[in-house]
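Reading through the structure tokens given below for one structure.
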Amino acid sequence: MNRFRPDRCPGALRPWPAADGLLVRLRLPGGRLRADSLRALVAVAERYGDGRVHVTGRSNLQIRALPRAAGSERLPEVVLEDLEATGLLPSRTHDLARNVMASPQSGLVGGRTDVRPIVDALDAELCGAPRLGGLPGRFLFVLDDGRGDLLSRTCDLGLVALDGARAQLRVGAGWGPVVDLHEAPRVLADLALRFLEVRGDGGGAPWHVTELAVPLLAPHAPERHLPHPAPPLGYGPVPGGVHESVPEAGFDRRAVERLCTTASELVVTPWRGVLIPEENR
């Protein structure tokens, strides 16, 4: 696919200029969200924007109607500093690169392994490599813990756990080699660096692995121990907690306080919901 414009997927350092003001997207690796961070974020939304926190289909958060810095399409520095104070913007240089989706129930119930440590290690690999700050804002890592809930989600790079020690890599629309789970974060980061090397520069550079003229890796056959795709997580009581749908209008202060009353940590899911873990209730 030939691109004729650069990726404009929004972040905090690169907001989207909407009709009602600037829209900011904050990445949540694995969808995990501390209650105190959510409270702090809705306070930022009340102070500068429309007073609501929105979720995306990639397990991320958005706030909108934010002000512009004088003469630019960027946020005023005071707003950026308040966003950093929420703990949801740990790296300005890697604002757009931390797109990591993971099985929301991982480590709570079911699955073949707990991928939360892998998410954390991959996030550290991404933020620790200056070049990876240049990943397109739409470049996505997807980590399925072996239950198959994210097997049908498209990704650029990812993995599916085969057991508690091994996973098969996903590379674009195909499969990569089987790797040890403890090595997976480094391997995925190295593949992302290779993607940046071969994609080229400029507005026409590919956004996704599937758009490369040459495959990133030689394709591998899918392992026979891969799970079958599982359906999306339903709303209401589910194994491991309660999955609440997020209204299109997002969460206001009252809704945020209700969620945070019984939970110290939440999980924003890829189905525009919030999972309240049973261990926090």
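Would a scan of the range 179-200 turn up a residue that is in a loop (DSSP other than H, G, I, E, B), surrounded by 13 or more Cβ atoms within 10 Å (Cβ to Cβ), touching a residue at least 24 places away in the same chain (Cβ under 8 Å) and touching a helix residue (DSSP H, G or I) at 6+ places or on another chain (Cβ under 6 Å)?
no
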Problem set entry | Residue identified as of a type in the set (Lys, Arg), closer than 21 Å to ALA97 by Cβ, touching a residue at least 60 places away in the same chain (Cβ under 8 Å) and not in a strand (DSSP E or B) among ARG39, ARG14 | ARG14
Exercise. Among the residues of the range 65-81, is there at least one that is surrounded by fewer than 17 Cβ atoms within 10 Å (Cβ to Cβ), within 23 Å of LEU226 (Cβ to Cβ), among the β-branched types (Val, Ile, Thr) and out of contact with any Leu (no Cβ under 9 Å at 6 or more places or on another chain)?
Worked result: no
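ASP144: more than 24 Å from PRO215 (Cα to Cα), touching a Ser or Thr at 6+ places or on another chain (Cβ under 8 Å) and not β-branched (Val, Ile, Thr), yes or no?
Judged against the criteria, ASP144 is not a match.
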For this session: Give me a count of the residues in the range 210-237 that are over 22 Å from the mean Cα position of the chain (by Cα) and either over 30 Å from ARG194 (Cβ atoms) or of a type in the set (Val, Ile, Thr) (or both).
Result: 4
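Per-residue answers, yes or no, for (1) in a strand (DSSP E or B); (2) in contact with a helix residue (DSSP H, G or I) (Cβ under 8 Å, 6 or more places away or on another chain):
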| position | (1), (2) |
| --- | --- |
| LEU217 | no, yes |
| LEU226 | no, no |
| GLY234 | no, no |
| GLU248 | no, no |
| LEU266 | yes, yes |
Exercise. Any residue at all in the range 88-98 that is part of a loop (DSSP other than H, G, I, E, B), touching a Cys at 6+ places or on another chain (Cβ under 9 Å) and closer than 27 Å to GLY240 by Cα?
Worked result: yes
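Rundown of residues vs (1) over 24 Å from PRO219 (Cα atoms); (2) of a type in the set (A, V, I, L, M), yes/no style:
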| residue | (1), (2) |
| --- | --- |
| LEU83 | yes, yes |
| VAL100 | no, yes |
| PRO130 | yes, no |
| LEU162 | no, yes |
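Here's a check for you: in the range 135-144, which residue that is surrounded by 18 or more Cβ atoms within 10 Å (Cβ to Cβ) and out of contact with any Lys or Arg (no Cβ under 6 Å at 6 or more places or on another chain) is nearest to PRO232 (Cα to Cα)?
Our first condition is that a residue be surrounded by 18 or more Cβ atoms within 10 Å (Cβ to Cβ); within the range 135-144, this holds for 135-137, 139-144.
Remaining after also requiring out of contact with any Lys or Arg (no Cβ under 6 Å at 6 or more places or on another chain): 135-137, 139-141, 143-144.
Numbers: LEU135: 28, PRO136: 27, GLY137: 24, PHE139: 22, LEU140: 19, PHE141: 18, LEU143: 15, ASP144: 13 Å.
My answer is ASP144.
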Exercise. Looking only at the range 236-251, which residues are touching a residue at least 12 places away in the same chain (Cβ under 8 Å), out of contact with any Phe, Trp or Tyr (no Cβ under 8 Å at 6 or more places or on another chain) and surrounded by fewer than 17 Cβ atoms within 10 Å (Cβ to Cβ)?
Worked result: PRO239, ALA249
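Bear in mind that the values in this text are calculations on the coordinates, not laboratory data. Values in this document were obtained by computation on a predicted structure and should not be read as measured data. Here Cβ is always computed from backbone atoms with ideal geometry, including for glycine, and neighbour counts include all displayed protein chains.
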